[in-house]
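In what follows, a single structure is set out as structure tokens and then discussed.
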Amino acid sequence: METILDRTKKLAKEKGLSLSELEEKIGIAKTSIYSWKSNIPKGETIQKTADVLDTSTDYLLGRTDDPTPIDVYFRIDMKNVPEEKREDFKKELIMLRDFAFKRLQEEEKKLDDQEKDNGSLSNGVEG
């Protein structure tokens, strides 16, 4: 089983950060992260780490294997979702997020195409 140290090291490496740089960014003492092998850091430190690494605290703590930070897109009080339904609920939120992003991209493309069409029309008209 991966520890919070393992997951932090993995994500820091993916972001091109050394652990020293990460410690500096989250405002903790040098070599503090290595103590996470046997000690869980304070909640505030875990949150700052998740923010810098663009992940969720649940991922760092091993509650999920998906490092995607759902809570960046949605602030949902999961205590009202029954434990046995939480994974399905998260999947639904991810589908909703993906659908919304796709629609935004389609709208941006449509606007870009309209601007190109308008530009070519005005360039073709001589006055």
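Where a number appears in this text, it was derived from the coordinates with a stated rule and is not lab data. This is a predicted model, so every value here is computed, not measured. FYI the Cβ positions are ideal-geometry reconstructions off the backbone, even for glycines, and counts take in every protein chain you see.
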Most fluctuating of Lys42, Lys13, Lys30 in the GNM of the chain (C-alpha, under 10 Å) is Lys42
Those chymotrypsin sites (Phe, Trp or Tyr not before Pro) from the stretch 1-105 that are DSSP loop and have at most 13 other Cβ neighbours within 10 Å turn out to be Phe74
What's the longest piece of the chain with no exposed GluC sites (Glu not before Pro), counting a site as exposed if DSSP puts it in a loop and it has at most 14 other beta carbons within 10 Å? 3-125
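Would you calculate, for the chain, the mean residue ellipticity at 222 nm contributed by helices, counting each DSSP H stretch of 4 or more residues as -39,500 (n - 2.57) and dividing by all residues, to the nearest 500?
Values: 6 runs with 78 residues, N = 127.
Calculated mean residue ellipticity at 222 nm is -19500 deg cm²/dmol.
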With only alpha-carbon atoms in the gyration tensor, what are the semi-axes of the equivalent ellipsoid for the stretch 6-121, in Å, largest first? 36, 22, 10
Give the residue from Val52, Gly27, Met78 lying farthest towards the positive end of the charge dipole for the chain; charges sit on Cβ (+1 for Lys and Arg, -1 for Asp and Glu) and the dipole is referred to the Cα centre. Gly27
What is the angle, in °, between the Cα long axis of helix 4-14 and the longest principal axis of the Cα atoms in the chain? Nearest 10 is fine, range 0 to 90. 30 degrees
Fluctuation leader among Asp51, Asp112, Asp66 - the chain, Gaussian network, Cα springs under 10 angstrom: Asp112
Pairs beyond 22 Å (Cα-Cα), from Lys10/Lys102; Lys13/Lys85; Lys13/Lys79; Lys15/Lys48; Lys9/Lys37; Lys48/Lys85: Lys10/Lys102; Lys13/Lys85; Lys13/Lys79; Lys48/Lys85
